[in-house]
Structure formats: structure tokens, C-alpha cells
1. I'm checking my understanding of the structure. Among residues of region 134-153 that are assigned to a helix (DSSP H, G or I) and surrounded by 10 or more Cβ atoms within 10 Å (Cβ to Cβ), which one is modelled with the lowest pLDDT?
2. Would you check if ARG68 is within 21 Å of ALA103 (Cα to Cα), at pLDDT 95 or above and among the basic types (Lys, Arg)?
3. Condition check: in the same structural domain as SER157 (by TED's automatic domain parsing) and either of a type outside the set (Val, Ile, Thr) or within 15 Å of the ligand (Cβ to nearest atom) (or both). Does GLY83 satisfy that?
4. State which residue is surrounded by the fewest Cβ atoms within 10 Å (Cβ to Cβ) when the search covers only region 91-111 and only residues that are in contact (Cβ under 8 Å) with a residue 12 or more places away in the chain and farther than 27 Å from GLU47 by Cβ.
5. Tell me which of these GLY14 doesn't satisfy, since it passes every other one: (1) loosely packed, with under 13 Cβ neighbours inside 10 Å; (2) within 16 Å of the ligand (Cβ to nearest atom); (3) modelled with pLDDT of 95 or more.
6. Looking at region 56-68, can you tell me whether even one residue there is within 18 Å of the chain's Cα centre (by Cα) and either within 16 Å of the ligand (Cβ to nearest atom) or closer than 30 Å to CYS160 by Cα (or both)?
Amino acid sequence: MQKEYIDVCCPTCGGRAQFHEPFRFSHMMRFSVVPENAHLWGRLVVEELYPEHFSWTQPETDSPVFHRTTNEVGPGYRLNHRGMLECPKCETFQAVQIRWPQAAFWQWTVEGHTLIARNRTHAEEILAYLRETPRPPHRKPGLRELPAPLLKKRASSIACRRMERTLEAA
Ligand SMILES: [Zn+2]
């Protein structure tokens, strides 16, 4: 799960940096033997990818629950929060704590509504969807959280132009 990285604003240069989760979560069915140094959380095997920076502590719930934004509350593991930041411009790879989706590199505010993309591929997927007329009624998972007002004709054409500019520049 969550194999794809997210793009965040580098706190040092403001450029595009990649955020890497510090743990890999896989279903235990994928292993015949649990790898050394891995942990079990319910039916998930948790591997520490950067053990020198992050060690696993099980959240206060025996069955795996994940939070994807920093504001979510309750027991569970917070994704998109603590991990490694890799900035090609600063040539750094460091342990950080971020807020998501506030730290997103790909974000646009149009008529008061914020559009967030996890990475370039996701941004291109959103742009392609906004351009389509008529739009397909069933949205892929990555498109379900688009703010409804931005799907209206005027707002979506503004959003498309802004997204095109950012995608060309980055
Ligand atoms: Zn940087």
C-alpha cells in the first residue's frame, strides 16, 4: 500500500521535494517468514525503512487504522506526517515532520477552494479529468476528493489554466 510518494514544498528552498514514508506496510500473506526487524500490526507487517531515524511504535489500536491528513484524530498511524524529505535542489535527505495537505507542492486555490495533488502524475490526472467534457460519471479514487465547486465550468477552466502553468514551470 501507499507505494507512491508525495511531493511537498521543501522547507529550505521552496522547491519540489519528495516525502518518503518511514515504514512499509504489507499484508502478512505476502511473507512466508516475517522479515527480521519487522513488526506485526494486526495482519500487517511493518518494516522500518530508515531505522536510524524512525523506529516503529504501534498506535493504540490492535487493528490497523491509517490517517492520511494531519488533522485527523483518534488512534491510528498518521501517514504523510513523519518521514524523510528528499530535495534534489538542496541535495538533502533528512528526517522531517510535515503537515498534510498543507505542505503539498501541487496545490492551487481557485475561488476560495483548494485543489491538492499528491504528485505530478496525480496533478496530470486531475487536469485531464477537469478538461473532459462531458466528464465521466464515475471517478477514479484519486479524483473523488475534488472540491465540487471547482467542477463547474468557469472555475474548472481557471483551475486548468493555473495547473497548466505550474506543470509547465515545474
Ligand atoms: Zn530544497
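The values are calculated or read from the model by the stated rules, or taken from the named source; none is laboratory data. The structure displayed is predicted, hence computed values, not measured ones. Cβ sites come from the backbone with ideal geometry, for glycine too, and all protein chains shown count toward neighbours.
1. The extreme case among them is GLY142.
2. Working: within 21 Å of ALA103 (Cα to Cα): yes; at pLDDT 95 or above: no; among the basic types (Lys, Arg): yes.
No; evaluated as a whole, the condition is false for this residue.
3. Details: in the same structural domain as SER157 (by TED's automatic domain parsing): no; either of a type outside the set (Val, Ile, Thr) or within 15 Å of the ligand (Cβ to nearest atom) (or both): yes.
Taking the combined requirement at face value, the residue does not satisfy it.
4. First, pick out the residues of region 91-111 that are in contact (Cβ under 8 Å) with a residue 12 or more places away in the chain: 92, 95-106, 108, 110-111.
Those left that are additionally farther than 27 Å from GLU47 by Cβ: 102, 106, 108, 110-111.
Numbers: GLN102: 14, TRP106: 24, TRP108: 21, VAL110: 20, GLU111: 12.
Result: GLU111.
5. (3)
6. Kept after step one, since they are within 18 Å of the chain's Cα centre (by Cα), are these residues of region 56-68: 65-68.
Going one step further and asking which of them are either within 16 Å of the ligand (Cβ to nearest atom) or closer than 30 Å to CYS160 by Cα (or both), we end up with 67-68.
Scanning region 56-68 turns up at least one residue that is within 18 Å of the chain's Cα centre (by Cα) and either within 16 Å of the ligand (Cβ to nearest atom) or closer than 30 Å to CYS160 by Cα (or both).
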